[in-house]
Amino acid sequence: MPAPPDPPGPDVLTPTDRTTLRRKKERGSYDRDLVNAILDEGLLCHVGFSVDGSTFVLPMAYARIGDALYLHGAAGNRMLRHMAQGAEACVTVTLVDGVVLARSAFHHSMNYRSVVLLGTTERVVDDDEKQRASMALLEHIVPGRSSGARPPSADELRAVLMVRMTIAEGSAKVRTGGPIDEPEDLEEPYWAGHIPLSIVAGDAVADGGLPPGVEEPEHVRAFPTCRARTRSSWS
Ligand SMILES: Cc1cc2nc3c(=O)[nH]c(=O)nc-3n(C[C@H](O)[C@H](O)[C@H](O)COP(=O)(O)OP(=O)(O)OC[C@H]3O[C@@H](n4cnc5c(N)ncnc54)[C@H](O)[C@@H]3O)c2cc1C
């Protein structure tokens, strides 16, 4: 019998009818720390929304501050303009940790950590919050970068449309380990196991024309290690 979902509490997202895992529910969790860890490690999310009778799923950058998730883009961005009016959206973040090869074709799988968030988005109107979220977006992608670039000007901030979704309704799902084959297949002469996967950063390439004396900063040197560190325990 699979374990029931974690009971609701301050450190747990309250399961709702639409976030209750039904398939493989033992892989699900509503633990905020796990949800936050997956959100913080991911680089991009996929945002699902419906507008004018059509449904779209678009990849985007994002950042988290506390229980707020921020998305940003050009003021003319159709999705963001729709979301700024208070739209229903679904934000998914997926970390692919490996491919799983079973003895049977049927039981091939993937190792992953994923988060699905549901909620209503709203426009960020407060300039300070917009500024903080802009810096969080930089920090999310490259830790340390917010002090390594010219801050946005007032005009640049005005050109950005920022929306917020409160992280209140959602779920995480995690698969780890090797294949789960049928007992009668265990003697089959096929290789089975799993192959860990991770994003690997290459060497940084300095842009041409950097003024003399501008050296590669520590946050650029540290980038490959900081991404590898967060992933290694899940491979
Ligand atoms: C990299 C990757 C590859 C996958 N490939 C497949 C595939 O090929 N075929 C397949 O059937 N499934 C695949 N899955 C699992 C898939 O995401 C669903 O969990 C699964 O299909 C069950 O769907 P359901 O509609 O029955 O979910 P239900 O359990 O009925 O979903 C109910 C609720 O559970 C939560 N939930 C469901 N799935 C997830 C999730 N992945 N992460 C966080 N919360 C979740 C959501 O809140 C959702 O609204 C994959 C997942 C990942 C991350």
The one condition in (1) within 16 Å of the ligand (Cβ to nearest atom); (2) farther than 29 Å from Asp31 by Cβ; (3) in contact with a helix residue (DSSP H, G or I) (Cβ under 9 Å, 6 or more places away or on another chain) that Val160 fails to fulfil
(1)
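Of all the residues that make up region 102-122, how many are within 8 Å of the ligand (Cβ to nearest atom) and of a type outside the set (Val, Ile, Thr)? First the steps, then the outcome.
Keep residues of region 102-122 that are within 8 Å of the ligand (Cβ to nearest atom), which gives 109-110, 112-116, 118.
Next cut, of a type outside the set (Val, Ile, Thr) only: 109-110, 112-114, 118.
Of the residues in region 102-122, 6 are within 8 Å of the ligand (Cβ to nearest atom) and of a type outside the set (Val, Ile, Thr).
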Mind listing whichever residues of region 57-84 are surrounded by fewer than 13 Cβ atoms within 10 Å (Cβ to Cβ) and over 27 Å from Leu197 (Cα atoms)?
Gly66, Ala74, Ala75, Gly76
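Looking only at region 10-69, filter to residues that are part of a helix (DSSP H, G or I) and farther than 19 Å from Tyr112 by Cα; which one of those is farthest from the ligand (Cβ to nearest atom)?
The selected residue is Asp17.
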Does any residue of region 172-194 turn out to be in contact with a Leu (Cβ under 6 Å, 6 or more places away or on another chain), within 16 Å of the ligand (Cβ to nearest atom) and within 30 Å of Lys25 (Cβ to Cβ)?
yes
List every residue pair whose Cβ atoms sit under 8 Å apart, with the two residues 6 or more apart in sequence or on different chains, where the first one lies in region 94-109 and is under 28 Å from Glu41 (Cα atoms) and the second, anywhere, is more than 9 Å from the ligand (Cβ to nearest atom) and hydroxyl-bearing (Ser, Thr, Tyr).
Asp97/Thr176; Asp97/Ser198; Asp97/Ser235; Gly98/Ser235
Scan region 70-96 for residues that are assigned to a strand (DSSP E or B) and either small (Gly, Ala, Ser) or within 16 Å of the ligand (Cβ to nearest atom) (or both) and report the count.
11
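Throughout, read-outs are computed from the coordinates displayed, never taken from laboratory work. Quantities reported herein were computed from a predicted structural model and do not represent experimental measurements. So basically every Cβ, Gly included, is an ideal-geometry build from the backbone, and we count neighbours across all protein chains shown.
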